[in-house]
1. State whether region 389-504 is rounded, prolate or oblate according to the following rule on the C-alpha gyration tensor (a ≥ b ≥ c being the square roots of its eigenvalues): a/c under 1.5 gives rounded; otherwise a/b larger than b/c gives prolate, and the remaining case gives oblate.
2. Evaluate the relative contact order of the chain (contact order divided by residue number), counting alpha-carbon pairs under 8 angstrom at least 6 apart; express in whole percent.
3. Give me the Å³ per residue figure for the convex hull around the C-alpha atoms of region 125-169.
4. Can you give the calculated 222 nm mean residue ellipticity of the chain, where each DSSP H run of n ≥ 4 adds -39,500 (n - 2.57) and the sum is split over every residue, rounded to the nearest 500 deg cm²/dmol?
5. What percent do you get for the relative contact order of region 2-254 when only Cα pairs under 8 Å and 6+ apart count?
6. Based on Cα positions only, what radius of gyration and what Dmax would you give for region 2-254, in angstroms?
7. What percent of all Cα-Cα pairs in the chain falls into each 10 Å bin, going from 0 up to the bin containing the maximum distance?
8. To the nearest 20 debye, what is the magnitude of the charge dipole of region 355-465 about its Cα centre, counting +1 on the Cβ of each Lys and Arg and -1 on the Cβ of each Asp and Glu?
Amino acid sequence: MIDYTLEDGIAVLTVDNPPVNALGHALRAGLVEAVRRFEADGAARTAVLVGGGRLFLGGADISEFGKPPQSPGLPEVCDVIEASAKPVVAAIHGAALGGGLEVALGCHYRLAMPGTKLGLPEVTLGILPGAGGTQRMPRLIGTEQAAEMIAFGAPLTPERAQELGLLDRIGEGDVRTAGIAFARELLDQGAGPRRTSDMRAEPADLTDLRTRVTKKMRGQPAPGTALDSVENAARLPFREGLAEERRLFQGLIETPQRAALIHAFFAERAVTKLPEIAGVAPRDVTSIGVIGGGTMGSGIATAALLAGLDVTLVERDDSAAEAARDRIASNLAAAAKRGKITEAKRDALAQALTTATDYGALAKADLAIEAVFESMEVKHEVFAALDKAMKPRAILATNTSYLDIDAIAAATTRPSDVIGLHFFSPAHVMKLLEVVVAKETDPQVTATAFALARRLGKTPVRAGVCDGFIGNRILSRYRAAADRMVLDGASPYAIDRALEAFGFPMGPYRVSDLAGLDIGFMTRERKAATAHPEDRRATFADALYHAGRLGQKTGKGYYNYTEDRRGAVDPEAVALIEAAQEGSRSFSDEEITARYMAAMVDEGARVVDEGIALRPLDVDVVKLMGYGFPRWKGGPMHWADAQGPGRIAADIRRFAGEDAHFWQVSPLLDRLAREGRTFGDLNP
Ligand code: 3H9
C-alpha cells in the first residue's frame, strides 16, 4: 500500500490504494509502518508523503463506518506522523479530503499543486473530522476560518489555503518532483519538525456561523457538534480536545443522519453502474441536436455546450430560434457569473451553437434530444422527421416526462436507437437524468446515454417505461395523497408546513405555485379519461386555476406573492379552497407526514417490483436529486427501512379502513413486512 524509496537522503512514501487512496485499515497500518521505517532509516533525513494515482488521500474509508474499529485508527496515524523526530512533508495533488487532509495536518509541512481540493467534508456525511481535524485546523488557520470550513464542509482552493496558512507552498510541474524539491529546500535550511499540535488556537465568537449553518443544514446534528469540537481547540489542551473530538465523533457515527448520508453517497455512485451495460462500448458522441428551444431544450443545449459538445438546435421558425439563442446566451452568462466558466470560455461555447429551422441540419449529429410539446401526435411527427434526417446509428432521444417511449419509437424505422433522456429543470443545473430504456433499446444506446450523462456532469438513473417513469410516477401518487387530505378538510398550508418540517425545502403546494397551476390542471385533464370512478379530482386546484391563480408567474396561486416574495397565505385562495372541500376533518402534522410518506414508499415499492426502477436505491437517488427529498433522510426507501416496512404497511392498512380504493399495500411492501426484511436487503 505504501511504496518506500530513498532519494539522496529523502524518503518518498507513495500511497497506492486505488481508486481514491481511502484510508482503510491496511493503508493506515501501512502508513504507520512506513513512518517507523523512515524514523529508523539512518540514511533518510526527511520524508515526503505523496499520493499515487489521481489524488493524495480521499479520506477515511467510508465503508468501514458502523463496523468494529480496527487499530491503528486514523487519529493514531496522524499522531505517529506528527511525532516523528525528522520532518515529514505532505505533497498534495488532486484532493486531500477529510481524513486525507487530517493526515496532511499531521505532517510538518504542506505543499499542494494548483487545482487541488482541500477540504473537511465530514459534515456532509453526518460526522465531524475525527482524526484531529477539529483540533489541528483551528490551531493552524484560526478558529473562525477553521469553523467555517468544517461547518459547511466546502473545500478550499490552494490559493486560499496558502493565504490562511494551511499550505506552505503551491507547487509546479509534477507533484512528486515538487515535493522532493521542497523537502530539499527545507533540509538546506535546517528546518526541523513543526507540529500543529504545539500551536495555540484563539477563542472566537461563532454565534453568527451557528445561525447560518443551522438554517442551511437543518435537521442535522453534525455541523453544530463539529463547531462544539472546534471551540474546544481554543479551550482545552490538545490531548483533551482530541479525546473530546473522539467522543463526539463516536456519537455522530451512531446517528440515523450519518447512516442516511452515507447511504446517499454510495447510492449516487451505484446508480451509475448498470449491470446490463457492463463491458458494452458506448458510441461516439461529439455533436448533438436539440429539437425545441423552450426552457427545457435551451437548458439541455446549455448543458451540452458546457460539456464541450457541438450543438445544433432546431426550432420551427427564425424568431423561435432567435429566442432559444437568447435563452442559451443568458444561461451561459449566468454560468460565467457564478464562476463556472470564464467570459472568454463563454464566448467560445456560444460559437459551438448552431440554430436551424430544418431537420436537415442534423444530418451529421450523433444524437438528438427532442424537447417539444408533450403530445404523442407531435412526438410522432418529430421522430419520423428525425428518422429521415439523421445518419445511421445516430441516437434519437426524447425528453418526455411521461409519454410511452415504446410508442414514440414505433414512429421510426429504428426503435433500437430510441431512448428517453428525462432531464430536470433547469437542465443545465439539475444533476439528475432519468435514462428511460424502452422495449427495443439497444444496450449500446443505453451505454451511450450513460456515458453522455457522465460527460454532462449528470447522475444517470435507469428507468423503465410507464406513465411518469420513476420520479413523476411516484410524485403523482403522494401528490394525490396530499390532495385527498385537502379534499377531506386539511389546509394546504398545514400540509406544506408539515412537510417542510419533515425536511423538504418546499411543501407540495409551494411547488405547485413554482411549477405553475396550469401544469397540474393539464395533467388532471389528461388523466381524466382513464380515471377510476373513485379517483377524486383536486377540485380546489381547478378552482384556483379557473380563477387565473397560476402560481408565482401570475403573482398568486395557493400563496400570494405580490407583497411577500416568499408567498403569504391569501384569504381569497382560502375561500376558493374551502368552497371546493368535501369534508372538514383536521389532520395533525404526524398524520399528514405519515400519509404522504406512506404513499411515496408504497409507490416506490411498486416501481421496484415492476422493474421500472432497478433497485430501491435508484428510487432514493431520483427523489434525493430531483424532488428535494432531504438527503439526511437518505431517500424514501432508506427512510422506510429506518421506520420499518412493517410500520408503513400497518399505516396503509389503517388508512385503507377509510378509503380502500386509494390505500392498498403493494405486494413488495407486504412481502418485506411479513418477512421482516428491508428495502436495503434488495440493494447490492
Ligand atoms: C473521514 O475522512 C472521517 C475522518 O475525519 C475521521 C476518521 C476517524 N471511502 O467519487 P468517485 C469510492 S470521512 C470509501 O466516483 P471521483 C467510491 O464509492 C471521508 N470509498 O471518484 C467509488 O467506488 P466505486 C471524507 C470511497 O474521482 C470510487 O471510490 N472524505 C471513498 O469522482 C470512486 O469514487 C470524503 O468525504 C471513501 N472515502 O471523486 C471524500 N471515496 O467505484 C469522499 C470514494 O465502487 N469522496 N470512494 O463506486 C469523494 O468526494 C470523491 O470520491 C473524490 C473522487 C473527490 C475523492
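Bear in mind these aren't lab numbers, they're just calculated from the coordinates by the rules spelled out. Predicted model only: the values in this text are computed from it and were never measured. Note that each Cβ is placed from the backbone with ideal geometry, even for glycine, and that neighbours are counted across all protein chains shown.
1. It comes out prolate by the Cα gyration axes.
2. Taking the mean separation of contacting Cα pairs over the length of the chain, I get 9 percent.
3. Taking only Cα atoms, region 125-169 has a hull volume of 75 Å³ per residue.
4. Mean residue ellipticity, 222 nm, calculated: -15000 deg cm²/dmol.
5. That works out to 19 percent.
6. Final numbers for Rg and Dmax: 17.1, 55 Å.
7. Distribution as computed: 3, 13, 20, 22, 20, 13, 6, 1, 0 percent.
8. That gives a dipole near 540 debye.
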